Structures are given as structure tokens and as C-alpha cells.
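The structure appears below as C-alpha cells.
Quick note: the coordinates plus some simple rules give every number you see, no bench work behind them. Treat the numbers as computed from the prediction; the structure is a model and nothing was measured. Cβ placement follows ideal geometry from the backbone for every residue including glycine, while neighbour counts extend to all protein chains displayed.
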Amino acid sequence: MISEKMRIVLQHYNEGLSLYRSRDWDGAIEAFNKALEADPQDGPSLCYIQRSREYKQTPPPLDWDGVFTMTTK
């Protein structure tokens, strides 16, 4: 059984991931931030917020399959 806090994190994280995959960068950032309200140390949400911000500035190609390609180390 998972804790109530983790249930909330997962709910918002899954929503954010769906929005991210549909290229709704602002919606994804908002959902991931809600996950962080429940758990400020949620690494995946922090990661996807950064990726969403990057894609908001420089969108991926139209044939993007949702995979993030690192361009810097």
C-alpha cells in the first residue's frame, strides 16, 4: 500500500507526463509542480519540469516520439 502523499504525487506526475507527451509544456509544468507540493524532493517531477522548460524554448521536431535526447553532459 502506498501513502497518501505518494498517491498525490503519482496522480499529478501521471497527469504531467500525459501533458508532456502531448506537448502541453505549461500544463505539464503546472502538474509536476503540484506533485512537488506534495513531495519537494520528487526527482522525476523536477527532471520533467526542466525538460518541459527546455522544450518550451526549443520545441522538439514534429515527428518527436516523446524520447528526450541529451545534448549536453
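Assorted remarks:
- Relative to the longest principal axis of the Cα atoms of the chain, the long axis of helix 4-21 lies at roughly 20 degrees.
- Each principal axis of the Cα cloud of the range 4-57 was evaluated for its coordinate range; sorted largest first, these ranges are 33, 18, 13 Å.
- In the range 4-57, Cα pairs under 8 Å separated by at least six residues give a relative contact order of 37 percent.
- The angle between the Cα long axis of helix 43-57 and the main principal axis of the chain comes to about 30°, on a 0 to 90 degree scale.
- Cβ-based charge dipole, the chain, positive-most Cα from Ile29, Ser18, Gln41: Gln41
- Magnitude of the charge dipole, the chain, Cβ model with Lys/Arg +1 and Asp/Glu -1, debye to 20: 160
- Cleavage-rule hits (chymotrypsin sites (Phe, Trp or Tyr not before Pro)) in the chain: DSSP loop, at most 16 neighbouring Cβ within 10 angstrom: Trp64, Phe68
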